[in-house]
1. What pairs come out if I take residues in the range 1-21 that are free of Cβ contacts under 8 Å to residues at least 12 places away in the same chain and more than 13 Å from residue 42 (Cα to Cα) and pair them with residues that are surrounded by 12 or more Cβ atoms within 10 Å (Cβ to Cβ) and of a type in the set (S, T, N, Q) whose C-beta lies under 8 Å away, six or more apart or interchain?
2. In the range 36-63, which residues are among the hydroxyl-bearing types (Ser, Thr, Tyr) and touching a residue at least 12 places away in the same chain (Cβ under 8 Å)?
3. Are there helices (runs of 4 or more DSSP H) fully within the range 1-100 with at least 3 residues that are aliphatic (A, V, I, L, M), at negative phi and open to solvent by less than 20 Å² (accessible area, probe 1.4 Å)? List them.
4. Working carefully through the options 88, 31, 24, 77, find the one that is free of Cβ contacts under 8 Å to residues at least 12 places away in the same chain and not hydroxyl-bearing (Ser, Thr, Tyr).
Amino acid sequence: MSWEPILEAVGQAVNGRSPDARTALEKCWGAASQQDHAQRCVLAHYLADQQDALASETHWDEQALSEFAHLQDDDLAAIGVASTAGFAPSLHLNLGDDYLRAG
């Protein structure tokens, strides 16, 4: 799968929670190879923000961090992230916020 449909879905997602954004991200998730950890990391990261339930949001944030563990430094360069390390703070902060809200 190319990055183009993923970036289109992410573009919808950054405008806020919506059924269309969630559907687009889920479609990409279903099409992404299980071995493409970079794509799955990005998709899970944005899918988390589309969830209505905290438990579902946490699941996707945990999935994003799990996929991130398999990335090499330049795996996100295709989408303008020069070093994957730059993506890590957002992943950790989102998951930490989930845990905080869960108590």
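1. 20/12
2. So the first thing to find is which residues in the range 36-63 are among the hydroxyl-bearing types (Ser, Thr, Tyr), and the list is 46, 56, 58.
Listed by number, the residues that qualify are 46, 58.
3. Details: elements: 3-13, 19-31, 37-48, 54-68.
So the answer is 3-13, 37-48.
4. On the way: 88 fails: free of Cβ contacts under 8 Å to residues at least 12 places away in the same chain; 31 fails: free of Cβ contacts under 8 Å to residues at least 12 places away in the same chain; 24 fails: free of Cβ contacts under 8 Å to residues at least 12 places away in the same chain.
That would be 77, the only listed residue that is free of Cβ contacts under 8 Å to residues at least 12 places away in the same chain and not hydroxyl-bearing (Ser, Thr, Tyr).
The values are calculated or read from the model by the stated rules, or taken from the named source; none is laboratory data. Everything numeric in this text was worked out from a predicted model, so none of it was measured. FYI the Cβ positions are ideal-geometry reconstructions off the backbone, even for glycines, and counts take in every protein chain you see. When the accessible area is computed, the model is the full protein with side chains, heavy atoms only, and any ligands, DNA or RNA have been set aside. Shrake-Rupley method; radii C 1.70, N 1.55, O 1.52, S 1.80 Å.
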